[in-house]
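Okay, structure first, notes after.
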Amino acid sequence: MAKQSNYITPDGARKLRDELTWLWKEERPRVTQGVSDAAAEGDRSENAEYIYGKKRLREIDRRIRFLTQRLDILTVVDAPPPATDKVFFGAWVRLGSEEADEVVYRVVGPDETDAARGHISLDSPMGKALLGRREGDEVHVRRPAGEALFTVLEVVYQPLV
């Protein structure tokens, strides 16, 4: 597996902590109770609720371990960089291209990537191509659909809170 960056915004860190809390305090106890109730019904080998519940508990425990370990190594970036005229972590970038009018992306960590919201990982090909660029720079990006050329139209750092 490729090495991931360990940066995250405060909002992203909060979402991961909220998920961990929900899994640990609500979802796991609910599923554990369901498994216990299913086990009390008798033969466990043919009890679908018991088998599914045990499987779901393993999934929950695996996610809890992952989130706990990931939160321990993440660095929360809560302020823009000193040079706000360049693209770095947390930047909102407006791009122009020949294919599309304009697109807007926010460069975030891999734990916050969300294409629907325009949040791209700084580890992605587009994220790597954008890092360090300024307004007016041209950016060449190799995508599955082929090479693309973008022009950086605007770089903005909104509060990362």
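The values are calculated or read from the model by the stated rules, or taken from the named source; none is laboratory data. This structure is a prediction, so every number in the text was calculated from the model and none was measured. When we count neighbours, we look across all protein chains shown, and the Cβ atoms used for this are built from the backbone with ideal geometry, even at glycine. Areas reflect the complete protein model, heavy atoms only, side chains present, ligands, DNA and RNA absent. Shrake-Rupley method; radii C 1.70, N 1.55, O 1.52, S 1.80 Å.
List of remarks:
- Any hit, region 40-49, residues being among the hydroxyl-bearing types (Ser, Thr, Tyr) and touching a residue at least 12 places away in the same chain (Cβ under 8 Å): no
- Residue satisfying all of: in region 109-122; more than 11 Å from the chain's Cα centre (by Cα) and either assigned to a loop (DSSP other than H, G, I, E, B) or among the aliphatic types (A, V, I, L, M) (or both); nearest to Ala148 (Cα to Cα) among these: Gly118
- Residues that are at pLDDT below 95 and aliphatic (A, V, I, L, M) were ranked within region 22-38; the one that is nearest to Leu67 (Cα to Cα) is Val35.
- Single unsatisfied condition, Val77 versus (1) crowded, with 19+ Cβ neighbours inside 10 Å; (2) aliphatic (A, V, I, L, M); (3) under 13 Å from the mean Cα position of the chain (by Cα); (4) within 11 Å of Tyr7 (Cα to Cα): (3)
- Hits in region 144-161 - residues which are open to solvent by less than 80 Å² (accessible area, probe 1.4 Å) and either in a strand (DSSP E or B) or touching a Leu at 6+ places or on another chain (Cβ under 7 Å) (or both): Gly146, Ala148, Leu149, Phe150, Thr151, Val152, Leu153, Glu154, Val155, Val156
- Residue in region 51-67 that is open to solvent by less than 60 Å² (accessible area, probe 1.4 Å) and under 21 Å from Pro10 (Cβ atoms) present: yes
- Residue check for Ser97: closer than 23 Å to Arg133 by Cα, among the small types (Gly, Ala, Ser) and either loosely packed, with under 12 Cβ neighbours inside 10 Å or touching a residue at least 24 places away in the same chain (Cβ under 8 Å) (or both): yes
- Residue within region 120-131 that is farther than 19 Å from Gln4 by Cβ and surrounded by fewer than 18 Cβ atoms within 10 Å (Cβ to Cβ) present: no
- The criterion of being under 23 Å from the mean Cα position of the chain (by Cα), closer than 30 Å to Lys15 by Cα and either surrounded by fewer than 16 Cβ atoms within 10 Å (Cβ to Cβ) or in contact (Cβ under 8 Å) with a residue 40 or more places away in the chain (or both) holds for Ala91.
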